[in-house]
Each structure stands twice: as structure tokens, then as C-alpha cells.
1. Look through segment 50-82, keep the residues that are hydrophobic (A, V, I, L, M, F, W, C) and closer than 22 Å to Leu181 by Cβ, and return whichever of them is most open to solvent (accessible area, probe 1.4 Å).
2. Here are the criteria: (1) within 14 Å of the ligand (Cβ to nearest atom); (2) touching a residue at least 60 places away in the same chain (Cβ under 8 Å); (3) over 22 Å from Tyr25 (Cβ atoms). Tell me which single one Ala111 does not satisfy.
3. Of all residues being over 18 Å from Phe209 (Cβ atoms) and among the β-branched types (Val, Ile, Thr) in segment 142-195, which is nearest to the ligand (Cβ to nearest atom)? Just the residue, please.
4. Looking for whichever is farther than 15 Å from Ile19 by Cβ, aromatic (Phe, Trp, Tyr) and open to solvent by less than 40 Å² (accessible area, probe 1.4 Å) here; the options are Phe214, Phe221. Which one fits?
5. With free of Cβ contacts under 8 Å to residues at least 24 places away in the same chain and not in a helix (DSSP H, G or I) as the only criterion, which of Val191, Val172, Val180, Val205 stands out?
6. If the Cβ limit is 7 Å and pairs must be 6+ apart or interchain, which residue in segment 21-40 that is more than 26 Å from Glu210 (Cβ to Cβ) and within 11 Å of the ligand (Cβ to nearest atom) pairs with which residue that is of a type in the set (Ser, Thr, Tyr) and at pLDDT 95 or above?
7. So which of Gln47, Gln36 is farther than 28 Å from Ile8 by Cβ, open to solvent by 50 Å² or more (accessible area, probe 1.4 Å) and within 15 Å of the chain's Cα centre (by Cα)?
8. Determine which single condition Phe13 fails, assuming it passes every other condition in (1) open to solvent by less than 20 Å² (accessible area, probe 1.4 Å); (2) within 12 Å of the ligand (Cβ to nearest atom); (3) of a type outside the set (Asp, Glu); (4) under 18 Å from Gln126 (Cα atoms).
Amino acid sequence: MTGIPERIKGCIFNLDGVIVDTARYHYISWRRLANQLGFDFSEEQHQQLRGLSRMASLEKILEWGDMYMTEAEKLHWSDVKNNWYVELISNLKPGDVLPGALLFLRQVREAGMKIALASASRSARQVLITTKLETYFDAIIDGHSTRKAIPDPECFILAALAIGFQPYECIVFEDAALGVLAGLAGGFHVVGIGNPDYLPKAHLVIPGFENLSFPGMLANFSEASLTHS
Ligand code: G1P
């Protein structure tokens, strides 16, 4: 396809809430845990958990509930939440892939790009298998591959390395504010997915992939965002 700046060679996608509608299952499971512990939190608050690791998510929730847990208790309750989450995603269908995401992935592939997944979730690979998306990705970086949670750019750096490119040759697609900051910190071009009010630092913000073409999206990038900083 013409018009795609030759410097862009790879696309790195977050998973939950970007490609598959699984953020809501994380919310359901974490909220169930909070309720079992005697408190609640809102979907608005859950936005702050997007992109965090399992333990970082639990620690944030315990702050909200003003609760203390030993490390052993944190491991126990994070496993409890994960069991509920894994049960929810076991019923995922290809129809749970977010609107337009499959066609967008196909267009990225047709444009000759390499495609990587970068997620803090240790269930990311399971989600891809259940939704039959695994073959779209040349590399998968998940919660088992990373040690540093966003806003550290580790997961995106590992993803770019796995597909053989430099950060300035890649676009990161992220729905979490901390994920956008991580992509910028790593020197990537960053497309935010969702509400622009939450993602002010992204080079470009799109509501989602529905009715969006990959070449059309690139055309909206300001030249500044494609310049290798
Ligand atoms: C973990 C967190 C979850 C977060 C996800 C993606 O998933 O538990 O809240 O949304 O990373 O950042 P898990 O490894 O538990 O599947």
C-alpha cells in the first residue's frame, strides 16, 4: 500500500480492551473480589487498573479498600480472582473480538507489517487461542515475559525486539493512560484507543477500529509523530 511511511515496520497491540472485550471481565472479577472483602469500586476507578500487572492491580484495589494483606494473602486472593477471570474467558467467542479489530489486523498484515502483542496479562495467550487470533501475531509478550509493569516500557521494548525493529519503527496501540505513557517513554509512536480525555499524550486517539482503515489511520498521524525523535 502506498502512503505508509517507510519507517513504520511493526505494530504492537495491547490486548484487553484493545483487541478483545476482556477488560470488562477483569473488572467483573476484581469487583467480585472487592465485594467479597467488604467494599466496592467503580468502573471509572477500574480505568486506573488497565495495563497493570495482577499484583499491581490487587495492591491498587487494597488501597481503595484501605485494606492490608500479607504477601501470602495477596497471592491467595489474586489466584482467587484469576480463577473467576479464567472461568469467564473460557466462554469467549470470536464474536468477542472488538468491532473492526480483525479487519484492521488483516490490513496491517497486508501492509507488510510485523505484528506483536504486548500485554501484562498472564492469560493473554489463552484469550488469543480461545478467540482464534493467535495466528495474527508474529510475537506475543505477556505477563509471563515481563517483570516491570507500565508505565515502564519493558513490554513494548520486548515486543519490538521480538519482531526485529526499533521503537521508532513501531506503532503501539494502547487503551490505558499508563500504557500510552509507557509507549512514549519507550520511543514508540502511540495510538490511544478510547476517550481522548483519558489519553491526552497519545500521538493520535481513535475510538476503536470499527470503520477504520490502517492506511487511513496513518494518514492522520501528524508528521511530528512519525519523526524519529
Ligand atoms: C493482569 C491484571 C488485570 C489487567 C491485565 C492487563 O491480568 O490482573 O487487571 O487488566 O493484567 O494489564 P492477569 O495476568 O491477571 O490475567
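The values are calculated or read from the model by the stated rules, or taken from the named source; none is laboratory data. Just so we're clear, the structure is a prediction, and the values are computed from it rather than from any experiment. Because the Cβ atoms are built from the backbone with ideal geometry, glycine has one as well, and the counts that use them run over all protein chains shown. Surface accessibility is based on the protein's heavy atoms, side chains included, excluding ligands, DNA and RNA. Shrake-Rupley method; radii C 1.70, N 1.55, O 1.52, S 1.80 Å.
1. Our first condition is that a residue be hydrophobic (A, V, I, L, M, F, W, C); within segment 50-82, this holds for 52, 55-56, 58, 61-62, 64, 67, 69, 72, 75, 77, 80.
Those left that are additionally closer than 22 Å to Leu181 by Cβ: 52, 55-56, 58, 61, 64.
Working: Leu52: 33, Met55: 50, Ala56: 29, Leu58: 1, Ile61: 2, Trp64: 65 Å².
Top of the filtered list is Trp64.
2. So Ala111 meets the others, but not (1).
3. Residues of segment 142-195 over 18 Å from Phe209 (Cβ atoms): 142-169, 177-178, 181-182, 184-188.
Checking the rest, the ones that are also among the β-branched types (Val, Ile, Thr) come to 146, 150, 157, 163.
Working: Thr146: 10, Ile150: 8, Ile157: 16, Ile163: 20 Å.
Going through the qualifying residues, I end up with Ile150.
4. Details: Phe214 fails: farther than 15 Å from Ile19 by Cβ.
The unique qualifying residue is Phe221.
5. Working: Val191 fails: free of Cβ contacts under 8 Å to residues at least 24 places away in the same chain; Val172 fails: free of Cβ contacts under 8 Å to residues at least 24 places away in the same chain; Val180 fails: not in a helix (DSSP H, G or I).
Exactly one residue qualifies, and that residue is Val205.
6. Taking only residues 6 or more apart or on different chains, the pairs are Ser29/Tyr85; Trp30/Ser57.
7. Numbers: Gln36 fails: within 15 Å of the chain's Cα centre (by Cα).
None of the other options fit; the residue is Gln47.
8. (2)
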